[in-house]
Amino acid sequence: MNHSTRRRWMIGGLAGASGVAAGKIAGAYGLMPPDGRGPYGPGHALTYGAQRLLTGDAPAREFPREKISRQPFANGGPRKDAKYLEHQAAGFAGWRVAIDGMVARPMTLSVAQVKAYPAHAQITSLTCEEGWSYIAEWTGARLADLLDAAGADAGAKYVVYYSDQTGWMESIDIGEARHGQTFVAYGMNGGELPPAFGGPLRMRLPRQLGYKSVKYLTRIHVTDDLAKVATAGSGSVAEGYQWYAGI
Ligand SMILES: Nc1nc2c(c(=O)[nH]1)N[C@H]1C(S)=C(S)[C@@H](COP(=O)(O)O)O[C@H]1N2
Ligand SMILES: [Mo]
């Protein structure tokens with residue numbers, strides 16, 4: 001069997017199998033997502049395994065500047081809670097993002113400290129599971145660079161990340177975390193990242209659906225086992241969405 005025939009066979013196998021069988025096939029080919037054995041159950045194995053086979057490390061599409069949406073849609077409206085408004089009034093000088101878990105050097109970074117890492121830009125689409133999308137340019141540090149600075153353990157398998165907004169946490173596998181288009185973003189369309197779009201810091205990963213691009217980022221946690229993360233039950237999966245939201 002050549003490579004592409006085998007790939008098609010595996011995708012067919014995954015698509016045709018029940019959740020549990022798909023988990024077995026995916027596991028046998030090293031495509032097991034965390035939920036296969038962990039807190040998220042076998043159901044997510046199908047999407048993850050099939051998508052990983054189809055897309056691998058392929059970058060999300062990048063667009064020319066003229067495709068940038070004139071009126072990007074901010075999901076959730078402006079924040080009105082006192083704590084956030086205080087940060088905003090202070091120009092986010094007190095905002096911090098922690099990097100902890102399986103790292104040699106846990107860090108707590110200000111926005112200025114995130115900006116000190118090499119800046120990268122991407123013009124990509126943010127695609128919501130509800131069916132709308134917009135294209136924008138995001139500027140940020142690569143999550144990979146932050147993980148290296150913190151000395152992420154070679155055995156790390158997942159990155160779990162949190163907003164200061166209760167319930168907003170997501171997780172990705174280490175391959176997605178280290179992908180060149182996965183940013184801790186602080187800029188949008190040439191300016192600061194506006195509050196409505198998650199300022200001062202948001203996760204930005206264009207290879208997956210919008211809900212994975214968590215806004216108001218305050219913590220990045222490195223682990224080898226999502227079952228160890230007490231809050232694994234919150235975030236998109238708890239709401240009934242796919243853990244692996246590849247597009
Ligand atoms: N903290 C936080 N992050 C979030 C959300 C949110 O409401 N709060 N919405 C998510 C969803 S469902 C989508 S589609 C995108 C929307 O990003 P936007 O506001 O830039 O459109 O952010 C995601 N990240
Ligand atoms: Mo969304």
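The values are calculated or read from the model by the stated rules, or taken from the named source; none is laboratory data. Since this is a predicted model, take the numbers as computed values, not measurements. Counting neighbours? That spans all protein chains shown, and the Cβs are built from the backbone with ideal geometry, glycine included. Surface accessibility is based on the protein's heavy atoms, side chains included, excluding ligands, DNA and RNA. Shrake-Rupley method; radii C 1.70, N 1.55, O 1.52, S 1.80 Å.
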With the condition kept exactly as written, say whether any residue in segment 76-85 is surrounded by 13 or more Cβ atoms within 10 Å (Cβ to Cβ) and within 15 Å of Thr218 (Cα to Cα).
-> yes
Residue satisfying all of: in segment 163-182; at pLDDT 95 or above and within 13 Å of ligand 1 (Cβ to nearest atom); most open to solvent (accessible area, probe 1.4 Å) among these = Asp164
Single residue of segment 190-224 satisfying the filter (part of a loop (DSSP other than H, G, I, E, B) and within 8 Å of ligand 1 (Cβ to nearest atom)) that is farthest from Asp81 (Cα to Cα) = Leu209
Taking the residues in segment 113-147 that are of a type in the set (Gly, Ala, Ser) and within 19 Å of Tyr162 (Cα to Cα) as candidates, determine which candidate is nearest to the chain's Cα centre (by Cα).
-> Ala144
Looking at segment 133-155, is at least one residue of a type in the set (Phe, Trp, Tyr), at pLDDT 95 or above, touching a strand residue (DSSP E or B) at 6+ places or on another chain (Cβ under 8 Å) and part of a loop (DSSP other than H, G, I, E, B)?
-> no
Go through segment 124-151 residue by residue and tally those that are open to solvent by 20 Å² or more (accessible area, probe 1.4 Å) and among the aliphatic types (A, V, I, L, M).
-> 2
Name the pairs: first residue in segment 65-94 and assigned to a helix (DSSP H, G or I), second residue of a type outside the set (A, V, I, L, M) and surrounded by fewer than 11 Cβ atoms within 10 Å (Cβ to Cβ), Cβ to Cβ under 9 Å, at least 6 apart or on different chains?
-> Glu86/Gly94; His87/Gly94
When segment 70-112 is checked residue by residue, the ones that are over 24 Å from the mean Cα position of the chain (by Cα) and aromatic (Phe, Trp, Tyr) are none
Within segment 86-116, how many residues are in contact with a Lys or Arg (Cβ under 6 Å, 6 or more places away or on another chain) and open to solvent by 80 Å² or more (accessible area, probe 1.4 Å)?
-> 1
By residue number, the members of segment 205-235 that are under 15 Å from the mean Cα position of the chain (by Cα) and over 16 Å from Met169 (Cβ atoms) are Pro206, Arg207
